[in-house]
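Peer 1: The structure under discussion is supplied below as structure tokens; questions concerning it will follow.
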Amino acid sequence: MAERVCAVAERAAKVRWVPVENIHITLKFFGDTPAERKAVIEDAMERVVAKVQPFDLEIAGVKIVRRGRRPQMVWATVADSGGELRQLHGRTERLLEQGGFARERRPLSPHITLARVRDGIAPWEQQKLEEWAETQRDLAPVPFRVEDVVLMQSELKPQGAEYTVRRRFKLQEVIS
């Protein structure tokens, strides 16, 4: 898949691909958060992961997300067949709500953002993107293991978001 991404990226200047080191699934977005509230987040996340074992997910396909007819983002869809991610998300929402944070209004839609599409994409660029996405439809699912939850800080810059790891919370292996 990587060589196909490169082929599209070389030709489509209005498609900004997410660097590999920034690939993630967003469990909860906080926005601007005052320093004194960060301790509440960390405490809640410690409690969340204390009862969650590592689990498996899989990349199930590629989707172009649109605003009207215009492509806005390219997602890798994530299959949560065992429901572990939804349970982790629900527990996160409950414990953070107890800490004074509002629940997300939209339901969880597990995905990995692969690219963002800038305004002014040319029709030929859009066609190349569509063709590439079509070639991804028949790929075998790509499994991966979730072993931790990472509290990230993002800073928007002209070249894209810059992420900094603030804290890593390991999921707990249960020893039988």
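Peer 1: For every helix of n ≥ 4 consecutive DSSP H residues, a contribution of -39,500 (n - 2.57) applies; sum these over the chain, divide by its total residues, and give [θ] at 222 nm rounded to the nearest 500 deg cm²/dmol. Numbers along the way, then the final one.
Peer 2: Working: 4 runs with 53 residues, N = 176.
It lands at -9500 deg cm²/dmol.
Peer 1: Then there is this: Pick from Val62, Val49, Val142: which is most flexible by mean-square fluctuation in a GNM of the chain where alpha carbon atoms under 10 Å apart are linked?
Peer 2: Looking only at Val62, Val49, Val142, the biggest GNM fluctuation is shown by Val142.
Peer 1: If you don't mind, there's one more thing I want to ask. How would Thr26, Thr135 line up from fewest to most surrounding beta-carbon atoms within 10 angstrom?
Peer 2: Details: Thr26 15, Thr135 12.
Ascending Cβ contact count within 10 Å gives the list Thr135, Thr26.
Peer 1: Please report, in debye to the nearest 20, how large the charge dipole of the chain is about its Cα centre when each Lys and Arg carries +1 at its beta carbon and each Asp and Glu carries -1 there.
Peer 2: 600
Peer 1: Taking semi-axes √(5λ) of the Cα gyration tensor in Å straight from the coordinates, which label in [x] 32, 20, 14; [y] 30, 25, 16; [z] 32, 29, 16 is the correct one?
Peer 2: Read-out from the structure maps to [x].
Peer 1: Using a 10 Å cut-off around each Cβ, can you sort Thr113, Thr164 from fewest to most neighbouring Cβ atoms?
Peer 2: Least crowded to most crowded, the residues run Thr164, Thr113.
Peer 1: Quick one: net charge of His111's neighbours, Cβ under 15 Å, K/R +1, D/E -1? Please report the intermediate quantities before stating the final value.
Peer 2: Numbers: positive: Lys28, Lys63, Arg66, Arg86, Arg106, Arg116; negative: Glu58, Asp80, Glu104.
My count for the surroundings of His111 gives +3.
Peer 1: Follow-up question, since we're still on this one. By the scheme Lys and Arg +1, Asp and Glu -1, what is the net charge of all other residues having a beta-carbon under 15 Å from that of Thr26?
Peer 2: Net of charged neighbours comes to +3.
Read-outs: derived from the displayed coordinates by stated rules, not from any lab. Everything numeric here is computed off the predicted structure, so don't read it as measured data. Backbone-built Cβ (ideal geometry, glycine too); neighbour counts: all protein chains shown.
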